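**Q** My structure is below; once you've seen it, I'll send some questions.
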Ligand SMILES: [Zn+2]
């Protein structure tokens, strides 16, 4: 399938999408949308790989979500085995999540697990899919993630998924050569407009984080990857740029991030 949109972060490996796979994939075909299924633990990472083996317009990431690491230890060798698969295009989602009160101990634990993901990305030469969520009224998780990535800026690639950082954080991300992706909330909250206008189009990508955060006009419904079209439209509108130009460039950016050869 040739595709026009690339939702670089979704979860058909999670409910309720998991039980609705065929119908969701049917709608993705109709909307010419490819996606990367993102693992949040070992099982969902394996499921992401299975989806990528099943559908030619699916790829996968392998990782342990920062707030999922309390129940499961990060087994480096096990994750490496899963992540070595050729259709695994990134490591993650991984990073730091301080949104719900974290103690110094849980923060340190998150940092340890994140460090393991950085090592895995370096070893397999795959980019990182970063999840960074600061505590309320702060940019703390972003500052800590950036500090941990800085020593590797020349050797590692990374995308900051579901970006909610401010202009200063965005500039630091760009200075390290990393990219930023936006989702449904940009269609109904105006907090991100300045960053979306400021970031070079070449450093932006679109995603849904489905089944979470459906864009307008689908708010309140289960989010699905094909809805990424609305995110792309909104990015073009906010930047006051031609829709087709933005669509084509975001698709190219996604292909570049994942190391895939662009299809025509
Ligand atoms: Zn996610």
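**Q** I'd like the full set of residues that are out of contact with any helix residue (DSSP H, G or I) (no Cβ under 8 Å at 6 or more places or on another chain) and assigned to a strand (DSSP E or B), limited to the range 74-113.
**A** Selection gives 93 alone.
**Q** One residue is enough: does the range 70-87 have a residue meeting the conditions within 16 Å of the ligand (Cβ to nearest atom), closer than 25 Å to residue 111 by Cβ, in contact with a strand residue (DSSP E or B) (Cβ under 6 Å, 6 or more places away or on another chain) and at pLDDT 95 or above?
**A** no
**Q** Shifting gears a bit: Among the residues of the range 1-20, which ones are more than 12 Å from residue 210 (Cβ to Cβ) and free of Cβ contacts under 8 Å to residues at least 40 places away in the same chain?
**A** 19
**Q** List the strands (runs of 3 or more DSSP E) inside the range 154-264, counting only whole elements, that have at least 3 residues being within 16 Å of the ligand (Cβ to nearest atom).
**A** Where strands (runs of 3 or more DSSP E) fall fully within the range 154-264 and carry at least 3 residues being within 16 Å of the ligand (Cβ to nearest atom), they are 158-161, 179-182.
**Q** Among what's in the range 117-142 and is under 22 Å from residue 42 (Cβ atoms) and out of contact with any strand residue (DSSP E or B) (no Cβ under 9 Å at 6 or more places or on another chain), pick the residue that is surrounded by the fewest Cβ atoms within 10 Å (Cβ to Cβ).
**A** 125
**Q** Does residue 60 qualify as being closer than 19 Å to residue 119 by Cα, more than 16 Å from the ligand (Cβ to nearest atom) and without any contact (Cβ under 8 Å) to a residue 60 or more places away in the chain? Give the steps one after another, and end with the answer.
**A** Numbers: closer than 19 Å to residue 119 by Cα: yes; more than 16 Å from the ligand (Cβ to nearest atom): no; without any contact (Cβ under 8 Å) to a residue 60 or more places away in the chain: yes.
Criteria not met by residue 60.
**Q** Ok, one more. For the structure I just gave you, tell me whether residue 49 is more than 14 Å from the ligand (Cβ to nearest atom) and modelled with pLDDT of 95 or more.
**A** Values: more than 14 Å from the ligand (Cβ to nearest atom): yes; modelled with pLDDT of 95 or more: yes.
Taking the combined requirement at face value, the residue satisfies it.
**Q** Looking at the structure I just gave you, is residue 145 under 19 Å from residue 194 (Cβ atoms) and crowded, with 24+ Cβ neighbours inside 10 Å?
**A** Spelling it out, it is not the case that residue 145 is under 19 Å from residue 194 (Cβ atoms) and crowded, with 24+ Cβ neighbours inside 10 Å.
**Q** Then there is this: Every residue in the range 1-39 that is within 12 Å of the ligand (Cβ to nearest atom) and buried (at least 23 other Cβ atoms within 10 Å of the Cβ), please.
**A** Within the range 1-39, 7, 8, 9, 10, 11, 12, 13, 35, 36, 37, 38, 39 meet the criteria.
The values are calculated or read from the model by the stated rules, or taken from the named source; none is laboratory data. Just so it is clear, the structure is predicted and the values come from calculations on it, not from any experiment. Don't worry about glycine lacking a Cβ; one is built from the backbone with ideal geometry, like all the others, and counts go over all protein chains shown.
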